[in-house]
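Contents: one structure, followed by commentary.
The values are calculated or read from the model by the stated rules, or taken from the named source; none is laboratory data. These numbers come from a predicted model, not from an experiment. Don't worry about glycine lacking a Cβ; one is built from the backbone with ideal geometry, like all the others, and counts go over all protein chains shown. Areas reflect the complete protein model, heavy atoms only, side chains present, ligands, DNA and RNA absent. Shrake-Rupley method; radii C 1.70, N 1.55, O 1.52, S 1.80 Å.
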Amino acid sequence: KQWYQRRVAITAGVPELIKIINLSPYLDRGLGFSIIGGKSEDVTQDPGIYIAKVLPGGAAESEGVIDKGDRILTINGSYVVNVSRKYAEGLLSNLDEQCVLRVAKPMSILPYD
């Protein structure tokens, strides 16, 4: 569990904490999260890719660094804002050993430090 970068951004009037997350996929369970959104779906008001669910027993749950509703900005350096969900899923399914995600976490759901 280590955050390598912290930065605050404002998106659609909501402050967000930007974090870089390193995850190693589990051989049998992958990264342990599912995604929603993308430019071809009308799930949100913006075309972002969001964490839909953190799956029990996966890398994301084990590390405790990703939450439902987090917005993914990059996957291994590839920008995923205003792309289709299918494109983002392709990036997530073609991982070597590590996945580096840049995510935006709405500050309204952050716990107090």
- Query: Residues of segment 56-79 being at pLDDT 90 or above, under 10 Å from the mean Cα position of the chain (by Cα) and assigned to a loop (DSSP other than H, G, I, E, B), which ones?
  - Reply: Ile66, Asp67, Lys68, Gly69, Asp70
- Query: How many of the residues in segment 17-30 are modelled with pLDDT under 80 and either acidic (Asp, Glu) or surrounded by 13 or more Cβ atoms within 10 Å (Cβ to Cβ) (or both)?
  - Reply: 3
- Message: Show the residue pairs meeting these rules: Cβ distance below 8 Å; 6+ apart or different chains; first residue within segment 79-103 and closer than 13 Å to Tyr50 by Cβ and open to solvent by 50 Å² or more (accessible area, probe 1.4 Å); second residue of a type outside the set (Phe, Trp, Tyr) and in a loop (DSSP other than H, G, I, E, B).
- Response: Arg85/Gly38; Arg85/Ser40; Arg85/Glu41
